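Take a look at the structure set out below.
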Amino acid sequence: MKNKFLQYYPLSKKTKQKILKSGILIFDASSLLDLYTYTLSTIAKVLDILEKNKDRIWLPYQFAFEYHKNRLKNIEKQSKSYEKIIKELEEKLKKLDSLPCTHPFLDVERKAHFDFKKSFFKIKKQLDTYNNKNPIWFKKDFVMDKITKLYKNKIGDEFDETSLKKIIEEGQDRHNKDIPPGYSDKDKKENKFGDWIGWKQILEKGRETKESMIFITNDVKEDWWLLSRDKRIISPRPELIKEFRIKTGKYIIFYTMDRFLKTIDKFNTKAIQEIKEKNKYHESLNSDNIAMGNLSVELQTSNSSFPSALDDFYDGMVDSRPIEEGKIAEIPKIRLKEIKALFPSKVKKKMIKNLKSKKNKKNSI
């Protein structure tokens, strides 16, 4: 049974280790472009991994083209993220300023209000400091310089016009039948066949070299991965595993960047966690609104001193003064609604738990 349905079975440990040691490494455009979103120390570690494996890296022409085409746009998007976060902070502060002082544990006009502003300004100052230290990629892009050097003579050829026309026709048919990869992009106005063209070049490279491959992508979409209902990765699409095996006679292993780095080497766990959190944050940037919870992710992955500032702010939401007998009142429903509207779920739970804890202490008096 396994021989006929190998796409649904994991590789043996021996086979997997052999591929990890000698298989061709293919990083797609998303994994290379995401380098611009990491801290300098993490960028250095990722480039070091590439350097150590430079003899077996290869890049399909399509993914190399997408890297060059989207590089400046990606850099600009990253630089603007600081402005968006600061704007979000200022809007939250204005909203807090406008709230009526109706709760006995939230002394907005005095200590608590002062603590809010102090924490906000502390976060803003830290953001400005980190932003100033961020590389000016438009002037000197050492990531591009390094990638250019590493991938010298390691880029696939472009399809000629006749071949490309046939491949696009095939891609349209696959889109219509929801055959991966690429059908998630079928409503795009441009580059709707980019994933399919890149995959086609991978298949041809595998058929040519007769080598197994390792494919690293941060493009977490259902036409590359089987996803759970909450959008978590279960496995690569079985159809892709099967297609690669049929066309090349070899195996292909799929990874996101953080999983690959964790598997390939004894990699810095802090850097891996940063990459995982960055991936979550960048998904949020696809929407027009940046929630306070995403702000927390961005700060924690950018600088180790940011969480303390956020903790100061969140802890300040509940008065920590000693409880005096007879001074506890019922928790107004309007205050809980305001908390739910303003803050992410993790913070809401903490704040509401603290408020309810005070209520329970009152009832026990």
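Neighbour counting of Cβ atoms within 10 Å sorts the residues THR248, THR217, fewest neighbours leading, into THR248, THR217. Which loop GluC sites (Glu not before Pro) in region 135-216, with loop taken from DSSP, have no more than 10 other Cβ atoms within 10 angstrom of their Cβ? Loop-located and lightly packed - GLU190.
Here LYS154 and LYS231 are evaluated by their C-beta separation; at R0 = 45 Å the FRET efficiency comes out at 0.85. If R0 is 22 Å, the Cβ-Cβ spacing of ASP128 and LYS80 corresponds to a FRET efficiency of close to 0.90.
The numbers here are math on the coordinates, done by the rules we state, and not lab data. This is a predicted model, so every value here is computed, not measured. Cβ atoms come from the backbone with ideal geometry, glycine included; neighbour counts cover every protein chain shown.
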